Amino acid sequence: MGQEKSCIIKHFSHYCSLNEDEKQLLISLEESPTDIKAGTLLWEMGDPAKEFCTLKSGWAYSYRHLENGDRQILEVFLPGDIIGLREFAFNQRLENVRMINDGVICHFPHRRMLELFRQSLPLTSVMFAIGSRQQALLTERLINIARRSARQKMAHFLHEMYLRLRQTNADISGHFRLPLSQEQLADILGLSPVHVSRTFSALSEDGLVFRDRHNVTIPDLEALSTEGEFDDAYLTDNVRPLFDATG
């Protein structure tokens, strides 16, 4: 696979400039790709945690089931993301992970990550930055669910997804595909599916977001940002330059 098509290289390049050796190390994490169908369970909570996987294509999500049967979606993973980082220090999986749509994943054992750490200080630094980013995403999601209105929750989430997608797809220009059902959006935002539908309609009536099935258009990103009280520091301001090889 060419470097220009590697989602993980695009993802890591958001944090620092990579040399050829570092790019080859990352490409090695995308070896042995496996086609995965939509809805496939990658692992369950309590399973042995012995490996990570890179999401070469497609989307996935992590979730927990509550005692009453409700589901809370914790994270949405996009192409280029590494799934399972938070479980590196644990023997068991802490959450369930399932594919949202058809995709390709590449499994690699924990020891492969240790080899990467030994071979590259910049990639080690980026890996810590990615872990920090995932924590920041979860913190922002908690605030979004607990303290914002339905309109603010939806506006904030859509803005966040747009910015995350733009990191590896610079030409999306206000349009992107959101392969999430209303039920999945409800479980991300702490709303009911009916409330999700009504919120989309209200945002559309105000010209903030237009949705045609799984296709989303944001005509005015700044207006959507204002609606969602969005501060993008956790996605952009604090990640460049992460590593300076001269200093």
Spans of helices (runs of 4 or more DSSP H) in the stretch 100-186 with at least 3 residues at pLDDT 90 or above: 121-147, 150-168
Matching option when the condition is surrounded by fewer than 17 Cβ atoms within 10 Å (Cβ to Cβ) and free of Cβ contacts under 8 Å to residues at least 60 places away in the same chain, among Ala146, Ala150, Ala136, Ala186: Ala146
Which numbered condition Phe90 misses (of (1) aromatic (Phe, Trp, Tyr); (2) more than 18 Å from Thr54 (Cα to Cα); (3) within 17 Å of the chain's Cα centre (by Cα)): (3)
Count of residues meeting criterion [assigned to a helix (DSSP H, G or I) and either at pLDDT below 95 or surrounded by 13 or more Cβ atoms within 10 Å (Cβ to Cβ) (or both)] in the stretch 202-217: 3
Test for Asp171: is it acidic (Asp, Glu) and in contact (Cβ under 8 Å) with a residue 24 or more places away in the chain: no
Looking only at the stretch 218-231, and only at residues there that are acidic (Asp, Glu) and more than 19 Å from Ser173 (Cβ to Cβ), the one that is surrounded by the most Cβ atoms within 10 Å (Cβ to Cβ): Glu227
Filtered residue count, the stretch 80-99, keeping only those that are more than 22 Å from Ser125 (Cβ to Cβ) and assigned to a loop (DSSP other than H, G, I, E, B): 5
Residue in the stretch 16-35 that is modelled with pLDDT under 90, more than 26 Å from Ala170 (Cα to Cα) and in contact with a strand residue (DSSP E or B) (Cβ under 8 Å, 6 or more places away or on another chain) present: yes
Flag for Asp35 being closer than 30 Å to Ser192 by Cα and touching a residue at least 12 places away in the same chain (Cβ under 8 Å): no
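The values are calculated or read from the model by the stated rules, or taken from the named source; none is laboratory data. Just so it is clear, the structure is predicted and the values come from calculations on it, not from any experiment. All Cβ positions, even for glycine, are placed from backbone atoms using ideal geometry, and neighbour counts span all protein chains on display.
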